[in-house]
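Below is one structure, written out as structure tokens, with a few remarks after it.
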Amino acid sequence: MKQKIEELIRQAVDSLKTEGVLGQDIVPQIIIERTRDAQHGDFASNLALVLAKPAKANPRQLAEKIIAALPEDAAIIKVELAGPGFINFFVNPNAHYQIIRRIHEQGPDFGLSRIGAGKKVQVEFVSANPTGPLHVGHGRGAAYGSVLADLLAAAGFTVHREYYVNDAGRQMDILATSIWLRYLEECGEVLPFPSNGYRGDYVRDIARDIHQSAGNDYRRPAVLVQEDMPADEPQGGDKEAHIDALIARAKTLLGFNLYRDFFQIGLNDILGDIKDDLHEFGVDYQQWFSERQLMDDGSVDKALAQLREGGHLYEKDGALWFASSQLGDEKDRVVVRENGQYTYFASDIAYHHNKLARGFDQIIDIWGADHHGYIPRVRAAIIALGADAEKLKVLLVQFATLYRGEEKVQMSTRSGEFVTLRQLRNEVGKDAARFFYVMRRSEQHMDFDLQLATSRTNENPVFYVQYAYARICSVLRQLDEKGGQRDIDLGMDNLPRLVESHELALLALLARYPEMLEKAALQYEPHQVVLYLRELATDFHTYYNAHAFLVDDAALRNARLNLVCAVKQVLANGLNLLNINTPEVM
RNA sequence: GCGCUUGUAGCUCAACCGGAUAGAGCACCAGCCUUCUAAGCUGGGGGUCGCAGGUUCGAGUCCUGCCAAGCGCGCCA
């Protein structure tokens, strides 16, 4: 319908051009909007307001001329000039009913679009270090990323979901060493635990498992571990130096192969847990991309070589620097340390080099908002690698604050006392967790009320939306129990019987679903889907309360049932997109 | 100090990337509960869109300055 009106206006503009009212050089961008107020008709265009200046005309007079030049069309019953120069279009009511047929015919496909034209989009999200279980902060990134990916797929993009596994680097060594020390305790060795080690219970659990399966294969005497060890922080030493020395000691005492095995067991265990966790949360990936592989196969060297060729690298103070400040970053960044090791940033450059080489049209990175300072340097790298900076889009996700009713849930990463994603899922369930996470704009700080998420009242939006679906199922069951049957054709023939304001409002809302999806995808805003579903549920519940569906009049009854089933279909399509269940009974 | 993000009803948040009278839910107030699910329903009050300028037919939305909150400013990841 939008396209139709757009076409009508285009014709009107063309004829005004030939008449000389509008200059030939004017190329209007025709914007048709759905009106918010039914008094303003169904669609409106601000064209006259926009053209007033270049055409040097009074907007209202110009609007009148445009209206006069509009070709007749059966679908439009009235065109009105309003306000400062808006052109309002009133659509033939019969056209509104078409949406019911369309939804009925397209079913689960209703709302899908081809606007993405098959363009390849990569969405990288979560990518938490595999040094421990995911916590509730990662949960939001997981929900946001997965819904965004599905949304883009629904809009016709070819989507590649990816998790970047930081399986190299110092944090992983700290983890491996932490597990080893706990393992030695399991073996019966007595030794202090480093203040900078990973203290979570999961570390002990992994250590215990290893001890059970491998026995004392990795056991070394505590004396040798402790020998000549620099002091830890509580003893007045430097905790970083202490842990680094412990890592080195572990490598020496175990030897390369055993250390690597041990490291790998820890990594596999935690990464496996993360994969299970995400899968149960309804989040799956096409690819788990290993950082270590980049290191091992020379990709980092290759990426750096390309930067060097472009003249973006230089040496200073024994380290190798990337001149990112030339490309918008606030200062230059080290890529190879004085000790010859790559920085995390170096492998990240290589990772993005790899992404570019894979030929994605758009690369989307979803990060926690605390990483925002990292954006300029990665963008600089993209440019230095010879790509268009626009190819990379970094989307930030703010942290969520957990509440139980009024009470704030305290969290502390240091002590290892954080709420894990798994705990959250156990408490509120997958559906509520996903819904709540995606309900707010991602850049918005959000309060996540655990109590509300589990309550079975209308205050709980998940409940409210799912209940709308279940309620429709219930109506259909009622029909069945009464021995009635739907006559879809009879209903379709009698759609014009739907004249109540609630019914017209629902028709308009249903018609908006495809546009809403498209917009949500292009703007990377999954929350629009949630808001839409809430609105649809609200309008449905209101309708339900105002009018009985299972009336005696068969024509009216079937017309209403067709409308209600269209609502059911759209609720299902939206909830499926969010990967949230559609319960038939509640 | 510099940078990024945020600031809208008492609270939690919207506002279709400049449009018409800024909208929901909760809370509050007033009515209603013999119904296809009361796990409520209907209606109502409530706003200097952080502050001050600017841009234009039009600004919550854009630009500038200021105020406040969160986050970030390592040869950590």
Practice item. Restricting attention to segment A:422-476, report how many residues are under 13 Å from A:Pro583 (Cβ atoms) and among the basic types (Lys, Arg). Key: 3
Check your understanding: Quick one: what pairs do we get from segment A:165-183, first residue within 14 Å of RNA strand B (Cβ to nearest atom), second assigned to a strand (DSSP E or B), C-beta under 7 Å, 6+ apart or different chains?
Key -> A:Val165/A:Trp288; A:Val165/A:Phe289; A:Val165/A:Ser290; A:Asp167/A:Ser290
Check your understanding: Which residues, counting only those in segment A:120-138, are over 21 Å from A:Ile274 (Cα atoms) and at pLDDT below 95?
Key -> none
Review point. Which condition does A:His372 not pass, out of (1) over 23 Å from A:His160 (Cβ atoms); (2) within 12 Å of RNA strand B (Cβ to nearest atom); (3) crowded, with 16+ Cβ neighbours inside 10 Å, if it passes all the others?
Key: (3)
Review point. Do we have A:Ile26 as closer than 24 Å to A:Leu507 by Cα, in contact with a Leu (Cβ under 9 Å, 6 or more places away or on another chain) and surrounded by fewer than 18 Cβ atoms within 10 Å (Cβ to Cβ) here?
Key: no
Practice item. Kindly check whether there is at least one residue in segment A:491-505 that is buried (at least 19 other Cβ atoms within 10 Å of the Cβ), under 30 Å from A:Gln39 (Cβ atoms) and among the polar types (S, T, N, Q). Key: yes
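Inside segment A:566-583, can you point out the residues that are among the hydrophobic types (A, V, I, L, M, F, W, C) and surrounded by fewer than 17 Cβ atoms within 10 Å (Cβ to Cβ)?
Of the residues in segment A:566-583, the ones among the hydrophobic types (A, V, I, L, M, F, W, C) are A:566-567, A:570-572, A:575, A:577-578, A:580.
Residue satisfying the conditions is A:Ala572 alone.
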Point to revise | The one condition in (1) within 29 Å of the chain's Cα centre (by Cα); (2) more than 8 Å from RNA strand B (Cβ to nearest atom) that A:Met586 fails to fulfil | key: (2)
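Scan segment A:68-101 residue by residue and report those that are assigned to a helix (DSSP H, G or I), under 30 Å from A:Leu506 (Cβ atoms) and in contact with a helix residue (DSSP H, G or I) (Cβ under 9 Å, 6 or more places away or on another chain).
A:Pro93, A:Asn94, A:His96, A:Tyr97, A:Gln98, A:Ile99, A:Ile100, A:Arg101
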Study note, to complete from the structure: How many residues of segment A:432-473 are more than 20 Å from A:Tyr532 (Cβ to Cβ), more than 9 Å from RNA strand B (Cβ to nearest atom) and either modelled with pLDDT of 90 or more or touching a Leu at 6+ places or on another chain (Cβ under 9 Å) (or both)? The answer is 1
Check your understanding: For segment A:270-389, list the strands (runs of 3 or more DSSP E) that sit wholly inside it and hold at least 2 residues that are out of contact with any helix residue (DSSP H, G or I) (no Cβ under 7 Å at 6 or more places or on another chain); which are they?
Key -> A:287-290, A:313-316, A:319-322, A:362-368
Revision key, fill the gap. Scanning segment A:327-343 residue by residue, those more than 9 Å from RNA strand B (Cβ to nearest atom) and among the acidic types (Asp, Glu) turn out to be A:Asp329
Check your understanding: From the set of residues in segment A:537-565 that are more than 11 Å from RNA strand B (Cβ to nearest atom) and surrounded by fewer than 22 Cβ atoms within 10 Å (Cβ to Cβ), which is nearest to the chain's Cα centre (by Cα)?
Key -> A:Cys565
**Study point:** Of the criteria (1) in contact (Cβ under 8 Å) with a residue 60 or more places away in the chain; (2) more than 15 Å from RNA strand B (Cβ to nearest atom), which one A:Ile247 fails
**Key:** (2)
Practice item. Check A:Arg219, A:Arg208, A:Arg199 and return the single one that is at pLDDT 95 or above and under 26 Å from A:Leu134 (Cα atoms). Key: A:Arg208
Check your understanding: Are there any pairs, at least 6 apart or on different chains, whose C-beta atoms fall under 7 Å, with the first in segment A:455-477 and part of a helix (DSSP H, G or I) and the second aromatic (Phe, Trp, Tyr) and more than 9 Å from RNA strand B (Cβ to nearest atom), and if so, which?
Key -> A:Pro461/A:Phe435; A:Val462/A:Phe435; A:Ala468/A:Phe540
**Study point:** Residues being in contact with a Ser or Thr (Cβ under 6 Å, 6 or more places away or on another chain) and of a type in the set (A, V, I, L, M) - total across segment A:276-295
**Key:** 2
Point to revise | Long-range neighbours under 6 Å by Cβ, at least six apart or interchain, first residue in a helix (DSSP H, G or I) within segment A:526-540, second near RNA strand B (Cβ under 10 Å from one of its atoms) and of a type in the set (D, E, K, R) | key: A:His527/A:Arg440; A:His527/A:Arg441
Point to revise | Residue count for segment A:478-505, restricted to those that are assigned to a helix (DSSP H, G or I) and within 14 Å of RNA strand B (Cβ to nearest atom) | key: 8
Practice item. Kindly check whether there is at least one residue in segment A:108-126 that is within 30 Å of A:Asp493 (Cβ to Cβ), assigned to a loop (DSSP other than H, G, I, E, B), in contact with an Asp or Glu (Cβ under 8 Å, 6 or more places away or on another chain) and within 15 Å of RNA strand B (Cβ to nearest atom). Key: yes
Review point. In segment A:3-56, how many are of a type in the set (Lys, Arg) and away from RNA strand B (no atom under 11 Å from the Cβ)?
Key: 3
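The values are calculated or read from the model by the stated rules, or taken from the named source; none is laboratory data. This structure is a prediction, so every number in the text was calculated from the model and none was measured. Neighbour counts run over all protein chains shown; Cβ positions are idealised from the backbone, glycine included.
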